[in-house]
1. Ranking LEU27, LEU70, LEU53 by Cβ neighbours within 10 Å, fewest first, what do you get?
2. Want the number for ASP14 to VAL79: 0.36 nm per residue separation, take away the alpha-carbon distance, what's left?
3. Suppose R0 equals 22 Å. What FRET efficiency, 1/(1 + (r/R0)^6) with r the Cβ-Cβ distance, do GLU66 and LYS89 give to the nearest 0.05?
4. Can you check what the net charge comes to around ARG36, using other residues whose Cβ is under 14 Å from the Cβ of ARG36 (Lys, Arg +1; Asp, Glu -1)?
5. For LYS76, what is the net charge nearby, where nearby means another residue's Cβ is under 14 Å from its Cβ and Lys, Arg count +1, Asp, Glu -1?
6. May I ask for the Rg/Rh ratio of the chain, computed from Cα atoms with Rh as the Kirkwood radius, given to two decimals?
7. Taking a ≥ b ≥ c as the square roots of the Cα gyration tensor eigenvalues, with a/c under 1.5 meaning rounded and otherwise prolate when a/b beats b/c, else oblate, which class fits segment 12-64?
8. Which pairs, out of LYS47/LYS89; LYS45/LYS89; LYS45/LYS85; LYS21/LYS85; LYS58/LYS85, put more than 30 Å between their alpha-carbon atoms?
Amino acid sequence: LEFGRIRLKPRGSDGGHNGLKDITNTLGTPNYSRLRFGIGGNFSKGKQSDYVLSKWNKEELSEFIEIEPLFTEIVKSYVNQGIDKTMNKFNC
């Protein structure tokens, strides 16, 4: 998912993501909604964790500051109104 995009899904697989595997194991089910924030693909294969844990560059930070109000609105809607209404309202 490209940097700065947000995607909501009512369910899905862990896709090899260890954090999602842990959530699935803890909950005992893969049936939970997902809210994804895109990080793009600007990293070497297998180096996603290094990229995610590093500081954003000036361009990424500038882009995030620009779209942060919309993301905040989406997250608030997701928490308060649920995934279906949020997906319909924001088409994500």
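Throughout, read-outs are computed from the coordinates displayed, never taken from laboratory work. The model shown is predicted, which means the values in this text are computed figures rather than measured ones. Cβ sites come from the backbone with ideal geometry, for glycine too, and all protein chains shown count toward neighbours.
1. Working: LEU27 10, LEU70 13, LEU53 7.
The fewest-first ordering by Cβ neighbours comes to LEU53, LEU27, LEU70.
2. Details: separation 65, 0.36 × 65 = 23.40 nm, distance 2.13 nm.
Taking 0.36 nm per residue and subtracting the Cα distance, the gain is 21.3 nm.
3. Values: r = 20 Å, r/R0 = 0.92.
Plugging the Cβ-Cβ distance into 1/(1 + (r/R0)^6) gives 0.60.
4. Values: positive: ARG5, ARG7, LYS9, ARG11, ARG34; negative: GLU2, ASP14.
Every neighbour counted, the sum reads +3.
5. Numbers: positive: LYS85, LYS89; negative: GLU68, GLU73.
Overall, the nearby charge balance is 0.
6. Numbers: Rg = 14.5 Å, Rh = 14.7 Å.
Value, to two decimals: 0.99.
7. Since a/c reaches 1.5 and a/b is larger than b/c, the shape of segment 12-64 is classed as prolate.
8. Working: LYS47/LYS89 34 Å; LYS45/LYS89 35 Å; LYS45/LYS85 36 Å; LYS21/LYS85 26 Å; LYS58/LYS85 34 Å.
Too far apart for the 30 Å limit: LYS47/LYS89; LYS45/LYS89; LYS45/LYS85; LYS58/LYS85.
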